């Protein structure tokens, strides 16, 4: 069921003083291709989705934030001036955004807030970035006269992940949550920040997510380790090729030169990233030609790389990918950081209904639970609703 303003407003009224404030929203995201390339300064190709976070905020005349998570049924109050911040992870996202906006000179005041989301938690659709972007956009609107540009709001969310949550993420999730446009995918150069929008209205194909319902959580996972491995390989390559500042600048020949100077795992991680940078650009070219078969081929290659080279898949996701192949799906791969979550599937219209039926039946037969099917509609980025 789609989350509405009324869903959030009714809880805001109940938990605070009965009055209403301003309501803001930001989306989760899909990523057609380009995983783990953002923190390697490569390209990504995401789109905002209709599902996301909705929050209501109202100034309360204090220096405290009083926050209620509707989904978790949890309440936290914290001071804007406290260096420590709250213990609850969900509240630390809000606290971090507040502190980072204040560091940019936005005169944030205390406020009451309630929020909820319909982005499936742990599905690799960036519910955390949607939460960060909602509050960054809201605080910029309420206290900053909208002086902070959207890309900097995305960086506020990224810094929140780094400094207050402990996830050394790239910029993709926050960028698409802040900058998404309905009906468009967004290619982003994660080094320069350059953005290009590509209309997404495929004739004869649909995007469908299959949520394995295996919990996806980056904090405490090998995510940060992967990033360090990539950075180390880039440093080793740069000893012979000083123009290489990150793996985005490297190629397979350069990697082979240093194979004996790095670990086997580092070699595999780097091989995946170098290939993925090329695949994103290949997909962009293919889309401009309406060549969805090439798009699908690149998606399958990405899944193989994420599973066998980057090693961020799991048994359930590999099983979903195999079903997609068996059912003639044009393209299928893990979406998001990995370790659980969804596959994203590019499917010819005439195969969609049968694929949904078969994938649910086969997955439930093997794992004793049904996966969740999510149809993708590309929506807008952060915005004020009322």
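With r defined as the distance between the Cβ atoms of residue 102 and residue 59 and R0 fixed at 22 Å, what FRET efficiency is calculated, to the nearest 0.05? Can you show the working numbers first?
Working: r = 15 Å, r/R0 = 0.68.
That pair, residue 102 with residue 59, gives E of 0.90.
In which sequence would 263, 302, 113 go, from the one with the fewest C-beta neighbours within 10 Å to the one with the most?
Working: 263 11, 302 29, 113 24.
With the sparsest Cβ surroundings first, the list reads 263, 113, 302.
Within a 10 angstrom radius of the beta carbon, how do 310, 75 rank from fewest other beta carbons to most?
Ascending Cβ contact count within 10 Å gives the list 75, 310.
For helix 89-103, report the angle its Cα long axis makes with the longest principal axis of the Cα atoms of the chain; keep it between 0 and 90° and round to the nearest 10°.
80
Compute the acute angle (0 to 90°) between the alpha-carbon long axis of helix 5-15 and the principal axis of greatest extent of the alpha-carbon atoms of the chain; round to the nearest 10°.
Once rounded, the angle reads 50 degrees.
To the nearest 10 degrees, how steeply does helix 150-160 sit against the main Cα axis of the chain, on a 0 to 90 scale?
90
By count of other Cβ within 10 Å, fewest leading, how are 350, 35 ordered?
Values: 350 9, 35 26.
Listed from fewest to most nearby Cβ atoms, that is 350, 35.
Under the rule a/c < 1.5 gives rounded, and otherwise a/b versus b/c splits prolate from oblate, where does segment 205-375 land using the Cα gyration tensor? Intermediate values should be presented prior to the final figure.
On the way: a/c = 2.91, a/b = 1.66, b/c = 1.76.
Oblate.
What percent does the relative contact order of the chain come to when contacts are Cα pairs within less than 8 Å and at least six residues apart? Kindly include the intermediate steps, with their values, before the conclusion.
On the way: 821 pairs, mean separation 89.3, N = 386.
For the chain, the relative contact order is 23 percent.
Bear in mind that the values in this text are calculations on the coordinates, not laboratory data. Since the model is a prediction, treat every value here as computed from it, not as a measurement. Cβ coordinates were reconstructed from backbone atoms using ideal geometry, including for glycine residues, and neighbour counts include every protein chain displayed.
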